[in-house]
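The values are calculated or read from the model by the stated rules, or taken from the named source; none is laboratory data. None of the values given here were measured: they were computed from a predicted structure. All Cβ positions, even for glycine, are placed from backbone atoms using ideal geometry, and neighbour counts span all protein chains on display. All accessible areas refer to the heavy atoms of the entire protein, side chains included, with ligands and DNA or RNA removed. Shrake-Rupley method; radii C 1.70, N 1.55, O 1.52, S 1.80 Å.
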Amino acid sequence: MKNVDHIGIAVQSLEETLPFYTTKLGLTCIAIEDVPSEHVKVAFLYATNVRIELLEPTDSNSAIAKFIEKRGEGIHHIAFKVDSIEKRISNLKNNGIEMLNEVPKEGAAGAMIAFLHPKSAHGVLYEICEKKPLEENDGD
Ligand code: CMX
C-alpha cells in the first residue's frame, strides 16, 4: 500500500461537526460533496499528509446511518492510496481477502474505490482508492 489517503469519520451532521475541525482544531475544509452512490455527503479536511473525511448520511439506507445507529459517531474507515486498483483487488483476493467491491466504484472527487470486508481485516474497514491525476489546490 502507499500512504494513507484519508480517515473516514461518521458524523450525524456536517453543519454541527465542521466547526470543531475548523475553528477548534484549525484544519481547513477543502471540499464538500454529495456522493449519491454511497448515500453520504462528505467534507474533506486537509491535515498535511492525510485528509479527514467527515461522512454525513443522506438517508437511512446509508452504511453510515447504520453505523451511527449501532456504534454512534466516530472513526469509520481508513483509506489507502493505490496506483492500480484493479490489480490491487485481484492481488488481495488471491491472498484470501474478502472484498466488499470486486469491481471498483466511483467515490468522492472522482476517485475509484473499493472496500475490504472488516472480517477479513481484523475488525477494521479499509478502503483502497485510486485518485484522479492531481489537480491544482486539491490539497496534496
Ligand atoms: N468498521 C469495522 N467493522 C465494521 C464497520 C466499520 N466501519 N461497519 C460494520 N462493521 C462490522 C460490524 O461490527 C459487524 O461485525 P460482527 O459481524 O462481528 O458483528 C459486521 O461488520 C457486519 O456489520 P453490520 O452492522 O451488520 O452491517 P452490514 O453487514 O450491513 O455492513 C459493511 C457492514 C462494512 C459490509 C458495510 O457498511 C459496507 O459495505 N461498507 C462499505 C461501504 C461504505 O462504508 N460506504 C460509506 C462510505 C463511503 C465513502 O467513503 O464515500
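Which percent, to the nearest 5, of DSSP beta bridges fully inside the chain are antiparallel? Display every interim value, and only then the final one.
Values: 28 of 37 bridges.
Counting only bridges with both partners in the chain, antiparallel ones make up about 75 percent.
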Exercise for the section: Please calculate how many Å² of accessible area the chain carries per residue, with a 1.4 Å probe and no DNA, RNA or ligand atoms counted. Expected result: 59 Å²
Fill in the blank from the handout: With only helices counted (DSSP H, runs n ≥ 4, each -39500 (n - 2.57)), the per-residue ellipticity at 222 nm for the chain, to the nearest 500, works out to -5000 deg cm²/dmol
Completion exercise
In nm², the average projected area of the convex hull spanned by the Cα atoms of region 4-137 is 8.3 nm²
Practice task
Could you calculate the contour length gain from Glu102 to Arg71, that is, 0.36 nm times the residue separation minus the distance between their Cα atoms, to one decimal place in nm?
Solution key: 8.5 nm
Problem - region 101-115 - phi-based ³J(HN,Hα) in whole Hz, Karplus 6.51/-1.76/1.60, Gly and Pro as x - result: 10, 8, 10, x, 10, 7, x, 4, 6, x, 6, 9, 10, 8, 10
Exercise for the section: With the full set of protein chains in place, find how many percent of the accessible area of region 4-137 is carbon and sulfur; take the probe as 1.4 Å. Expected result: 50 percent
Exercise for the section: Note the count of lysine pairs whose C-alpha atoms are less than 24 angstrom apart in region 4-137, limited to pairs 8 or more residues apart or on different chains. Expected result: 26
Completion exercise
Calc'd 3J(HN,Hα), region 88-93, phi into Karplus 6.51 cos²θ - 1.76 cosθ + 1.60 (θ = phi - 60°), Hz, glycine/Pro = x, comes to 5, 4, 4, 5, 5, 4
Fill in the blank from the handout: Karplus ³J(HN,Hα) for region 73-87 (6.51 cos²θ - 1.76 cosθ + 1.60, θ = phi - 60°; Hz, whole; x = Gly/Pro) runs 5, x, 5, 10, 7, 10, 10, 9, 7, 10, 7, 10, 5, 4, 4
Practice task
Using a cut-off of under 19 Å, list every residue of region 58-99 whose amide N is near the label point 7 Å from the Cα of Lys24 along the Cα-to-beta-carbon line.
Solution key: 72-76
Practice task
List the relative contact order of the chain as a percent without decimals, with contacts defined as Cα pairs under 8 Å and 6+ residues apart.
Solution key: 25 percent
Exercise for the section: Using Cα centres only, tell me the gap between region 104-123 and region 8-76 in whole Å. Expected result: 16 Å
Practice task
Would you mind calculating the gained length between Glu15 and Tyr46 on full extension (0.36 nm times residue separation, minus the Cα-Cα distance), in nm to one decimal?
Solution key: 9.4 nm
Exercise for the section: Mind checking region 1-89 for trypsin sites (Lys or Arg not before Pro) that DSSP puts in a loop (not H, G, I, E or B) and that have at most 16 other Cβ atoms within 10 Å? Expected result: Lys2
